[in-house]
Amino acid sequence: MGKPDILIAGGGIAGLTLALALHEAGYQPRVFEAVANLAELGVGINVLPHAAKEYERLGVLDALLAEGVELERYMWFNRHGQEIWSETRGRKAGYQWPQVSIHRGSFHRVLTDAVRARLGDDAIVLDHQLTGYTESPHKVSAQFVSRSSGARRDAVECDVLIGADGIHSTLRRGFYPDEGAPRWAGNMMWRMTVDLPAPILGGSTMFSAGTGECKVVGYEISAAAKRQGRSLFNWIAEVKLGEDGATPPEREDWNRVAGVDEFIDYFRDFKFDWLDVPALARASGQAFAFPMVDRDPLPRWTRGRVTLLGDAAHPMWPIGSNGASQGVLDCRALVDALQNYADAREALLAYEAVRLPATAAVVTANRSRAHDEVLDLCEARAPQGFSDARAVLSAEEIEASLARYKQTAQFDKRQLQA
Ligand SMILES: Cc1cc2nc3c(=O)[nH]c(=O)nc-3n(C[C@H](O)[C@H](O)[C@H](O)COP(=O)(O)OP(=O)(O)OC[C@H]3O[C@@H](n4cnc5c(N)ncnc54)[C@H](O)[C@@H]3O)c2cc1C
């Protein structure tokens, strides 16, 4: 019996990574993507060491490192710009694999190029938006429309259908028609990039500064800019505007281009000796506004020969740089399960049994802001600032907090290298 014919709906980071992982295991998957033209959209993203390990195995890590910046340090500051804690990251911290900060568009291009080079130009089929499917005992028939014309496409038969179609997943909505819109944290994020003549904090450094109510996160993302002595800096200004669980802004307003005037005032006091946030905002010019949303963990991802993967299965708040990386871990678990079970339906259930609880734990940890817990602890204990950070939060307390998050998100060093 040959390998099952696998159709992946969605050519985002998770769908393309799955295509590469399946191909490495001897499958010939096809990716059906809704958009008609692939564009290099978005701003920055971090690839954590657990995902970098997978990309090394798939032979694309060097290409990611050639585009992005290898992160060496993470720093946390209070809203007065005082340093609370600093730790090394990636190989600098003794991991076997790096942490890579990269432009999302470059990341996507590296994956697209690799899929086309290995599986053929026709492995990614554009302008095919999945609308639904029917399943018989041995086959799935996937239905599509053209996003550009709205016309119905021919149905495509496969043995297994994977929904890697993101937070607004059609397959997920089909499984859970009453789920409704994503859940909004009440926080708005404005995401920007700006070309700087010199790096912030010496470069190769990511930081979080502020509190859960008003925060700046930043890191540089371009190897090319770094080689020229400049810094392409990706940053996010995040402000709490509504209650947790409030109705999110209309979907049409997601990824809206916004002027920095929308948020600059919240950061008028963020003028530190190492960073002037209002000046950085003015230099950035414009931003993409995006509500911070996730969805509740699901009871099941799988029905018969169909399952969910990546953000379609477990969208999470982007606190801890984990969303895409968790999708990459899904890919490994799914391919391993398909290898281990002769019946694809059993393989999908085995994949779900491993990944659903693991990702639900990360969704929950991110809701409690576990990765940035030190910011809110510091604000609660020393709202006016401090003269000695260790008198506010001990090294043991911070290390324990960060270790818990890394274990939950499965990028604890010992866990990963075992
Ligand atoms: C501000 C911010 C910062 C982040 N930072 C990080 C980070 O540092 N590290 C990290 O790991 N993650 C990060 N994330 C999360 C990460 O961006 C997502 O988890 C990841 O992009 C999800 O990938 P995906 O492929 O599952 O979904 P998507 O990227 O949403 O891709 C889904 C694809 O499916 C296509 N599609 C949709 N519907 C259909 C359909 N019906 N039929 C066919 N195709 C369809 C879409 O066009 C799209 O191409 C961040 C997120 C945000 C918002």
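Structure above, values below:
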quantity	calculated
Contour excess over end-to-end distance, with Cα ends at Lys3 and Asp343 and 0.36 nm allotted per residue	121.3 nm
Extension gain from Arg414 to Gln28, taking 0.36 nm per residue of separation minus the Cα-Cα distance	135.5 nm
Estimated vicinal HN-Hα couplings, Hz - the stretch 257-269 in sequence order (Karplus 6.51, -1.76, 1.60; Gly, Pro = x)	6, 10, x, 5, 4, 4, 10, 4, 5, 5, 10, 4, 8
Among beta bridges that DSSP assigns inside the chain, antiparallel share in %, nearest 5	75 percent
Amide H partners (placed H, <5 Å) of Ser169, local residues excluded	none
For the chain, with +1 on Lys and Arg beta carbons and -1 on Asp and Glu, the positive-most of Val145, Ile6, Gly218 along the dipole	Ile6
Built amide H within the under 5 Å cut-off of Ala258, gap 5+	Ala287, Phe288, Ala289
Most positive-pole-ward Cα, Leu171, Ala360, Val156, against dipole of the chain from beta carbon charges	Val156
Derived scalar couplings ³J(HN,Hα) [the stretch 161-177; Karplus, 6.51 cos²θ - 1.76 cosθ + 1.60; whole Hz; x for Gly, Pro]	10, 10, x, 10, 9, x, 5, 9, 2, 5, 5, 4, 5, x, 6, 10, x
Length gained when the stretch Ala66-Gln96 is fully extended (0.36 nm per residue, less Cα-Cα span)	9.0 nm
Cα radius of gyration and Dmax for the chain (Å)	21.4, 69
Cut-off 13 Å between beta-carbons: net charge of the residues surrounding Ser86, Lys and Arg +1, Asp and Glu -1	0
15 Å reach of a label modelled at Gln384, 7 Å along Cα-to-Cβ, counting backbone N of the stretch 56-88	80
Exposure proxy ranking, count of Cβ atoms within 10 Å, fewest first, for Thr364, Thr134, Thr112, Thr307	Thr134, Thr364, Thr112, Thr307
Trp85 long-range amide H proximity, modeled H, under 5 Å	Trp76
Lysines with Cα under 23 Å of Lys413, excluding same-chain neighbours fewer than 8 positions away	Lys53, Lys92
Cα-projected label distance for Ser148 with Ala36, points at 7 Å along beta-carbon direction, nm	0.4 nm
Neighbourhood charge, 15 Å Cβ-Cβ cut-off, centred on Ala117 and excluding it, Lys, Arg +1 and Asp, Glu -1	-2
Restricting the stretch 184-267 to GluC sites (Glu not before Pro) in coil, as DSSP defines it, with at most 13 other Cβ within 10 Å	Glu243, Glu250
Derived scalar couplings ³J(HN,Hα) [the stretch 281-292; Karplus, 6.51 cos²θ - 1.76 cosθ + 1.60; whole Hz; x for Gly, Pro]	5, 4, 5, 6, x, 9, 9, 9, 8, 8, x, 7
Viscosity 0.890 mPa s, 25 °C: Kirkwood-radius Stokes-Einstein D of the stretch 49-202 over Cα pairs, µm²/s	123 µm²/s
Three-way shape call for the stretch 314-418 based on the alpha-carbon gyration tensor, with the a/c threshold at 1.5	prolate
For the stretch 181-206 versus the stretch 94-109, the gap between their alpha-carbon centres in whole angstrom	16 Å
Local net charge near Glu24, Cβ-Cβ under 15 Å (Lys/Arg +1, Asp/Glu -1)	+2
Cα→Cβ-extended label distance, 7 Å offset, between Ala395 and Asp273, nm	2.2 nm
Those lysines that a straight Cα-Cα span of less than 22 Å connects to Lys240, excepting residues fewer than 8 apart in one chain	Lys215, Lys271
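Taken together, the values in this text are just the output of simple stated rules run on the coordinates, not laboratory data. These numbers were taken from a predicted model, which means no experiment stands behind them. Positions of Cβ are generated from backbone atoms using ideal geometry, with glycine treated the same way; all protein chains shown enter the neighbour counts.
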